[in-house]
Structures are given as structure tokens and as C-alpha cells.
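Take a look at the structure below.
We did not get these values from a lab; they are worked out from the coordinates using the rules stated. All values reported here derive from a predicted model rather than from experimental measurement. Virtual Cβ from ideal backbone geometry, glycine too; neighbours counted across all protein chains shown.
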């Protein structure tokens, strides 16, 4: 089981865009915890840096860690990577624009994916105190309580993981770095392909029984000030290229989650890492290797959290004989 809350909260810092400017979460940490966090980040393989190349047998591969939702600073990153992207003959991403449209159509044609169409609503399944917190959090994001009550727990968890300060950019239809790269590729007639079927990600987000998802929804309640502080840190860390720092700091949010059991939270975090990162990273390597066999210049863009760690894409490529260099 993977929790949609953790998926959004830990891996999509760009959702906060330039509108989330709270003091960083690290300001709430003890000096001892912060020092331990920095040590852990420093020890993480490929834990710093967004822009990389991999070379093997005369073949070069370009890799970029992205944020999936809008921020004006993406323009600077685009200018930096454009020379490599413009000469590529394939752009690999997590989900193409066509994939995203197919996913939206699937949800539109099958409302039961995101909505409770039969049986009691969440109002009847949660205690009054918990529901009132969730209702108020949904309202702060422009979602009426009556609609929130009919959402599947995994989908509501995703919605509540988006801080209110991010909603302006999201509802305006702005795109993240992945979308910007795909738009540029389209303008240059560069083919775009997906690292995985979009159905796999949807299944991953929907995984777990209803009761398991409901338990995770209860677990995901975070005070708004803490959420804003964490998102602010994730944004800053991304643009500083500190991917390991932003990943590991997420574990410290447990100190501010009133409904969370520490042991269950750690289980959820490990499942998140295993299912969202490790397994997908391993599945992507054959796709990348096949792409370089049939194309002269492959540019790969995916969420920055996939770069770092012993089971990150860079380490997996290195273990396969590729020479990794930071650009």
C-alpha cells in the first residue's frame, strides 16, 4: 500500500510554486536533529545535484531531476539544459501529455475512481473531530465539505497534501518543469515517450483497501503551519539541488502529526520509498537502456527524488557500468 499523501507531500514540492513563502521547516527542528539530517544527506549517494550525464561505450545520456508543478524559476533551469535538450532525438518523461490526457479521460469516464458512488460518505466513516479538521482543510483549498465527503480517501489525501498557497498556480493551469520540457520538445519535433504506463501510477496511488486508505487519511492530518513550513523547505532545497536533504527531512514531520503513530508512519515511509522510488527506478532502467540503443541523444527527465540514494537511477546506472558526471 502506498499513501497518496506521502507521494505528494514528499515528492512534489513544486506544487507550492512561488506562492508558498513560510519559514522553512528546519527552523522548527532542534540543532541536534538538523545536524543529523545534514550528515545523513551528505552520506546519501548522488544526494546533491539535479543535472547529470551518464556515459558508457561512447554513448552519452542526459538526466534531469524535475519538479512536476509550476514555479517561475523553472525558466532558469530550462535555459541551462536547453542546449542538451535541443539536440536530443528522444525525451523520456514519467508521463507524456497524451498519457495525462488519457488519465484524465479515464477518471472522467469512471467517477468511482475518485468518488464514493455507493455506501456511506466520509462523514459517516470518520469521527466528528477528525471530519471537522478534514472539512476545514478541504474548504481552505476551495473544496466544499459536501464534495470532500464523497471523495475516495486516496484522492482526498492528495488534495489535502496540496497547501492552500499552491492552489492559485494550479487552478491557473500552469505547468511544471516536465510540462515545459515537453512543450519545448513538441516545438522542436523531438519525440516524447514515457518511462512507464500511466495505468501503473494510477494503480499505485489507488492501492490498498478502503479501510487502509481511510487510516492513511487520518494519519495525514498535518497542521497548516507545519505543512507550509515543510513545503517552503522542499522548494528551497530543490532549487539548491539538495535532493537528499529534502527527502530525509520529511521523516521529521512525524513530530507535528497529532494523529500519527510513529511506528505506522515509519512503515508508510518505507513503503513509499520501496514502491514509489525503488521499484519504479528499477523498472525504468531497462526502458532507458533500450532507448539509447535506438536513439542517438536521449534526454531523461523525472522527479528529482529518483536521482539519489543507493537504489536511485544514478546509482543503478553506475552499477550497470555507466560513468556518472554532474553537469
Amide N of the stretch 106-127 lying under 18 Å from the label point, which is placed 7 angstrom from the Cα of residue 199 along Cα→Cβ: 106-114
As computed over the stretch 4-320, the Cα convex hull volume per residue (Å³): 130 Å³
C-alpha center-to-center spacing [the stretch 92-108, the stretch 287-327] in angstrom: 23 Å
Pair residue 251, residue 79: separation of 7 Å Cα→Cβ label points (nm): 3.8 nm
Net lengthening on full extension, residue 60/residue 140 (0.36 nm per residue, minus Cα-Cα): 24.1 nm
Cα centroid separation, the stretch 19-55 to the stretch 229-274 (Å): 11 Å
Cα→Cβ-extended label distance, 7 Å offset, between residue 226 and residue 310, nm: 2.9 nm
Mean Cβ neighbour count within 10 Å, used as a protection proxy, ranking 182-188, 276-282, 63-69 highest first: 63-69, 276-282, 182-188
In degrees, nearest ten, helix 210-219 long axis to first principal axis of the chain (Cα): 90 degrees
Under the Debye formula (equal points on every Cα, no solvent term), log10 I(q)/I(0) of the stretch 27-131 at q = 0.11, 0.13 Å⁻¹: -0.77, -0.92
Peptides 291-299, 109-117 ordered by average Cβ neighbours within 10 Å, highest first: 291-299, 109-117
Added length on full extension, which subtracts the Cα-Cα distance from 0.36 nm per residue, residue 30 to residue 289: 88.9 nm
Global geometry of the stretch 134-263, whether rounded, prolate or oblate, following the gyration tensor of its Cα atoms and the 1.5 cut on a/c: prolate
The stretch 4-320: antiparallel DSSP beta bridges as a percent of all, rounded to 5: 35 percent
Residues residue 38 and residue 117, FRET efficiency given R0 of 35 Å [Cβ-Cβ distance, rounded to 0.05]: 0.15
Ordering of 242-253, 209-220 by packing [mean C-beta count within 10 Å, highest first]: 242-253, 209-220
Over the chain, relative contact order from alpha-carbon pairs under 8 Å, at least 6 apart, %: 40 percent
